[in-house]
Amino acid sequence: ITATPRIKVAVIDTGVDAGHEDLNAVINTTYSGFVDGEGYVRTGGITDSDGHGTHVCGIIAAEYGNSAGGAGVASVSASNDNVDIIAIDAYDEDEESFFSSDVAIAIYYARLKDARLINMSLTGPGKDTIVEEQIEAAYYSNDDIDSDGDGDGNILCICAAGNEHTDAMRTPSDVEETISVMASSGTATHGSGSIDNSYSNYGYEKDILAPGTKILSTTRNNSYATWSGTSMAAPVVTAVAAMVLSANSSLGPREIKNILYSTAGDSFGIYTGYGKVDAQEAVNAAIALRPSDDPEATEATEILLNRSTMRLAVDAERSLEYKIEPASAANTSVTWSSNNSSVAAVEVDEETGKTTGIITGINPGNATITATITTTA
């Protein structure tokens, strides 16, 4: 019998009712805390002034088998040991909003505490460089701040797409390194449905679909409530990602993305992303990718981009998302190229020297962007 690790999931939100009857076994009260307004996260005495953060935490990992309330998506056994939630209150109660600087501090703190996943059920309009830089630093293994000193970033941020029923840019959901989650009004049935047209945002920058309408979960003071929104859909995907990591803790953020996308559906649509998240298939793919003394690598057979054409203004940037088929493919690293870099250039990461899926418009004209994956054959 192989023990599975307890996955640290940071929930950056309005805090949490850590003493809730359905959450007290899964909240890490030692690390949970609040942004103090002076650039630090203070631990101890965390509360939830709104109830939103408590609802999100319950969707991820409300206790199973305790004869109270319900069970979170990642609470699949009576041991309740899949997830260790670090709740970080970045909410300004007076302003009833999240400030960019506080969210960035919370992301940085999650990195310090070795979180593997960060759930952010919050959005703001347009591009936010402060938050984006912290998301990128969390995603890539490019600095030396984590507690064991090995320099791993290795953190995937999963974000709500927003509830304005628009395809306009939102942060943090539309940052390339995140997973942006749209909300459906239907059940969790694989491959079914589309966004809830009464509120969910949509578009090419959104990635995946999950149930988000009339979701029952925990709220303050040992209570329960049914809420709707992409805020409820994002923690469904976060919980599935936690199960994927519990099944195979060696996976990196890009591999987790690919597993979730490739097991969710067969195509891409602006109202579905790559499809509706499928927990069982995602976990099965993670198991297939477990390290082995005698590995039999599954070769990639197909790359599917989230769009075939794109209009891009001069000096504007836009990202191309992709998935590799099959979900158990051993290599998910893609090389990007432009056949006319004087018209559209592909970004090169300064740390790794590798090309990314971010495209910049240089001059008027046409260019073809190609994504290539190298197999072992």
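The values are calculated or read from the model by the stated rules, or taken from the named source; none is laboratory data. Keep in mind the model is a prediction, meaning the values are calculated, not measured. Every residue, glycine among them, receives a Cβ derived from its backbone with ideal geometry; neighbour counts consider all protein chains shown. Ligands, DNA and RNA are excluded from the accessible area calculation, which covers all protein heavy atoms including side chains. Shrake-Rupley method; radii C 1.70, N 1.55, O 1.52, S 1.80 Å.
Applying a threshold of 8 Å to beta carbon distances and a minimum spacing of six or more residues, or different chains, the list of pairs starting in the range 76-101 at a residue that is without any contact (Cβ under 8 Å) to a residue 40 or more places away in the chain and in a loop (DSSP other than H, G, I, E, B) and ending at one that is buried (at least 16 other Cβ atoms within 10 Å of the Cβ) and not hydroxyl-bearing (Ser, Thr, Tyr) reads 99/90. Restricting to the range 105-130, give me the number of residues that are open to solvent by 10 Å² or more (accessible area, probe 1.4 Å) and either more than 16 Å from residue 235 (Cβ to Cβ) or in a helix (DSSP H, G or I) (or both). Residues that pass the stated criteria total 14. With respect to (1) under 23 Å from residue 257 (Cβ atoms); (2) polar (S, T, N, Q); (3) open to solvent by 40 Å² or more (accessible area, probe 1.4 Å), the lone exception for residue 197 is condition (1). Does the range 241-259 hold any residues that are in contact with a strand residue (DSSP E or B) (Cβ under 8 Å, 6 or more places away or on another chain), crowded, with 20+ Cβ neighbours inside 10 Å and over 14 Å from residue 329 (Cβ atoms), and which are they? Hits for the range 241-259 are 241, 242, 245, 246, 253.
Filter the range 71-96 for residues that are out of contact with any Phe, Trp or Tyr (no Cβ under 7 Å at 6 or more places or on another chain) and open to solvent by less than 40 Å² (accessible area, probe 1.4 Å) and give the result. 72, 74, 82, 83, 84, 85, 87, listed by residue number. The combined condition, being farther than 27 Å from residue 128 by Cα, open to solvent by 60 Å² or more (accessible area, probe 1.4 Å) and among the charged types (D, E, K, R), is fulfilled by residue 290. Against the conditions (1) over 26 Å from residue 154 (Cα atoms); (2) charged (D, E, K, R); (3) surrounded by fewer than 23 Cβ atoms within 10 Å (Cβ to Cβ), where does residue 63 fall short? Just the number, please. Result: residue 63 fails condition (3) only. Here residue 34 clears all of (1) in a loop (DSSP other than H, G, I, E, B); (2) open to solvent by 20 Å² or more (accessible area, probe 1.4 Å) except the condition numbered (1).
Being under 19 Å from residue 158 (Cα atoms) and open to solvent by less than 10 Å² (accessible area, probe 1.4 Å) is the filter here, so list the residues in the range 37-58 that pass it. Of everything in the range 37-58, those that are under 19 Å from residue 158 (Cα atoms) and open to solvent by less than 10 Å² (accessible area, probe 1.4 Å) turn out to be 53, 54, 55, 56, 57, 58.
When 368, 301, 309 are checked against the criterion of being in contact with a Pro (Cβ under 8 Å, 6 or more places away or on another chain), open to solvent by 70 Å² or more (accessible area, probe 1.4 Å) and either modelled with pLDDT of 90 or more or within 26 Å of residue 243 (Cβ to Cβ) (or both), 301 stands alone in meeting it.
Each row is one residue, and each column tells you yes or no for (1) in contact with a Gly (Cβ under 6 Å, 6 or more places away or on another chain); (2) at pLDDT below 95; (3) hydroxyl-bearing (Ser, Thr, Tyr).
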| site | (1), (2), (3) |
| --- | --- |
| 100 | no, no, yes |
| 104 | no, no, no |
| 109 | no, no, yes |
| 118 | no, no, no |
| 122 | no, no, no |
| 127 | no, yes, no |
| 134 | no, no, no |
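Note on the range 328-353: among residues that are among the hydrophobic types (A, V, I, L, M, F, W, C) and either in contact with an Asp or Glu (Cβ under 9 Å, 6 or more places away or on another chain) or open to solvent by 60 Å² or more (accessible area, probe 1.4 Å) (or both), the one that is farthest from residue 244 (Cα to Cα) is 348. Annotation: residue 267 fulfils all but one of (1) in contact with a strand residue (DSSP E or B) (Cβ under 8 Å, 6 or more places away or on another chain); (2) closer than 24 Å to residue 7 by Cα; (3) part of a loop (DSSP other than H, G, I, E, B); the unmet one is (2).
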